[in-house]
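**Student:** What follows is a single structure, and I will ask about it in a moment.
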Amino acid sequence: MYHLGTRPHDRAALLHNAEQLTGLSLAEIAQQLGITVPEHLRRDKGWIGQLLEQALGASAGSKPEQDFPELGVELKTIPVDEQGKPLETTFVSVAPLMGISGLRWQDSNVRNKLSCVLWIPIIGSRQTPPGERIIGPPLCWQPSAEEERLLRQDWEEIMELISLGQIQNITARHGQVLQLRPKAANSKALTEAVGAEGQAIMTLPRGFYLKTGFTAALLAKHFML
């Protein structure tokens, strides 16, 4: 097995390194990296992603860019059940709520993050202790023309609602494949947004998430589920 934490020099090396992790438990990887495994993920929601970032030598950290900016690749872990069905939506990026006039899909953080994704399925139920969850086979994915069309359509519709001061009326039901949801550690973490009268209001930060139907179809297509 390759040395954990080694920074890959190209996409093929990154995919190869990820393939070396297939079948290992998260506890086995954490042990090799000297990282403590939490008993549950209620307070450590990002722990699995951070573990895999470290194992695969990601360099972006928490910066708003791809995890492997030099390769143009974003790393996404995705919890799945034994049948390979996603257990939850996938966070993509924080949504801009102010100063968004003129922002185009092709320049958006969502498009940048989803232009090339290394998906790593994490197999186990919600009741499975984090350390016992198993790493599934990786998938290096770039959206097809149809997938990008759906993503762009949802993004543009949601961003238009935000710019029109309709932030409070956007629900998780908006969008076919992409949804907007509150993204905050607690209800006190407020940020500025545009109100219905064009005034600045305070609201919870929002994040873009991929719906499970989209990621389920993506995994099913590539793994013949």
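**Student:** Which pairs turn up if I take residues in region 84-109 that are closer than 19 Å to Tyr209 by Cβ and look for partners that are of a type in the set (Phe, Trp, Tyr) and surrounded by 15 or more Cβ atoms within 10 Å (Cβ to Cβ) with beta carbon separation below 6 Å, at least 6 apart in sequence or on another chain?
**Tutor:** As it stands, the answer is Thr89/Tyr209; Phe91/Tyr209; Val92/Phe208; Ser93/Phe208; Ala95/Phe208; Trp105/Trp155, since those pairs meet every condition given.
**Student:** Got at least one residue in region 94-109 being closer than 29 Å to Leu41 by Cα, assigned to a loop (DSSP other than H, G, I, E, B) and touching a strand residue (DSSP E or B) at 6+ places or on another chain (Cβ under 8 Å)?
**Tutor:** From region 94-109, those closer than 29 Å to Leu41 by Cα are 94-97, 109; that's our starting set.
Restricting the remaining residues to those that are assigned to a loop (DSSP other than H, G, I, E, B) gives 95-97.
Going one step further and asking which of them are touching a strand residue (DSSP E or B) at 6+ places or on another chain (Cβ under 8 Å), we end up with 95, 97.
There is at least one residue in region 94-109 that is closer than 29 Å to Leu41 by Cα, assigned to a loop (DSSP other than H, G, I, E, B) and touching a strand residue (DSSP E or B) at 6+ places or on another chain (Cβ under 8 Å).
**Student:** Looking only at region 27-49, which residues are open to solvent by less than 30 Å² (accessible area, probe 1.4 Å) and under 14 Å from Gly131 (Cβ atoms)? Give the derivation first.
**Tutor:** So the first thing to find is which residues in region 27-49 are open to solvent by less than 30 Å² (accessible area, probe 1.4 Å), and the list is 29-30, 38, 47-49.
Within region 27-49, Ile29, Ala30, Pro38, Trp47, Ile48 qualify.
**Student:** Those residues that are in a loop (DSSP other than H, G, I, E, B), in contact (Cβ under 8 Å) with a residue 40 or more places away in the chain, surrounded by fewer than 15 Cβ atoms within 10 Å (Cβ to Cβ) and not small (Gly, Ala, Ser), I need them from region 4-23; list them, please. Break it down into steps so the answer makes sense when it comes.
**Tutor:** Of the residues in region 4-23, the ones in a loop (DSSP other than H, G, I, E, B) are 4-10, 22-23.
With in contact (Cβ under 8 Å) with a residue 40 or more places away in the chain added as a condition, the list becomes 4-8, 10, 22-23.
Filter once more, so that each one left must be surrounded by fewer than 15 Cβ atoms within 10 Å (Cβ to Cβ): 5-7, 10, 22-23.
The answer is Thr6, Arg7, Asp10, Thr22.
The values are calculated or read from the model by the stated rules, or taken from the named source; none is laboratory data. Quick caveat: nothing in here was measured; it's all calculated off a predicted structure. As a convention, Cβ positions derive from the backbone with ideal geometry for all residues, glycine included, and neighbour counts pool all protein chains shown. These area figures cover heavy atoms from the full protein model, side chains too; ligands, DNA and RNA do not enter into them. Shrake-Rupley method; radii C 1.70, N 1.55, O 1.52, S 1.80 Å.
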